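The values are calculated or read from the model by the stated rules, or taken from the named source; none is laboratory data. None of the values given here were measured: they were computed from a predicted structure. All Cβ positions, glycine included, derive from the backbone under ideal geometry; neighbour counts span all protein chains shown.
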Amino acid sequence: MLPEELQQLKEYLRIDYDDDDETLKSLHKRAKISVRNQVGVIDVSIEDAKEQYDQACAMLVQHWYDNRESFRIGNNAYEIPHSLNSLLRELRYCYQVEEETV
């Protein structure tokens, strides 16, 4: 993850300290894998697809970062927001790379 990407992610998450940088990098790496697993290969050379892909990854990082505990006392864990599911659906059906048949 490039330093500029980390800074953008921290701005999105409203984090202004460096203590969790390694955690954020790790979560971002896993978020990229998760989004690809859920939507398949997408054409990130299309600007709209790249922006939605980045947004979906950031939202997933935020969800995981905010819900790092294996359980919560006093309230339920939050479900993945509808907005993330909507982005994943759009990436899956609007920007997925067609597989070539051999």
Every residue from the range 35-52 that is surrounded by 16 or more Cβ atoms within 10 Å (Cβ to Cβ) and in contact with a Leu (Cβ under 6 Å, 6 or more places away or on another chain): Val39, Ile42, Gln52
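Within the range 1-46, take every residue that is assigned to a loop (DSSP other than H, G, I, E, B) and of a type in the set (A, V, I, L, M, F, W, C) and give me the one that is nearest to Val97 (Cα to Cα). Spell out how you get there, then give the answer.
To start, the set of residues in the range 1-46 that are assigned to a loop (DSSP other than H, G, I, E, B) comprises 1-2, 14-20, 40-41, 43-46.
Checking the rest, the ones that are also of a type in the set (A, V, I, L, M, F, W, C) come to 1-2, 15, 41, 44, 46.
On the way: Met1: 23, Leu2: 25, Ile15: 34, Val41: 6, Val44: 9, Ile46: 11 Å.
So the residue we want is Val41.
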Subset of the range 66-101, residues closer than 23 Å to Asp20 by Cβ, modelled with pLDDT of 65 or more and either assigned to a strand (DSSP E or B) or hydrophobic (A, V, I, L, M, F, W, C) (or both), comes to Leu84
Can you name every residue in the range 1-37 that is aliphatic (A, V, I, L, M) and over 19 Å from Asn67 (Cβ atoms)? Met1, Leu2, Leu6
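Just checking, which of Ile46, Ile33, Ile42 is within 21 Å of Glu90 (Cα to Cα), without any contact (Cβ under 8 Å) to a residue 12 or more places away in the chain and out of contact with any Lys or Arg (no Cβ under 7 Å at 6 or more places or on another chain)?
On the way: Ile46 fails: without any contact (Cβ under 8 Å) to a residue 12 or more places away in the chain; Ile42 fails: without any contact (Cβ under 8 Å) to a residue 12 or more places away in the chain.
Ile33 is the lone residue from the list that is within 21 Å of Glu90 (Cα to Cα), without any contact (Cβ under 8 Å) to a residue 12 or more places away in the chain and out of contact with any Lys or Arg (no Cβ under 7 Å at 6 or more places or on another chain).
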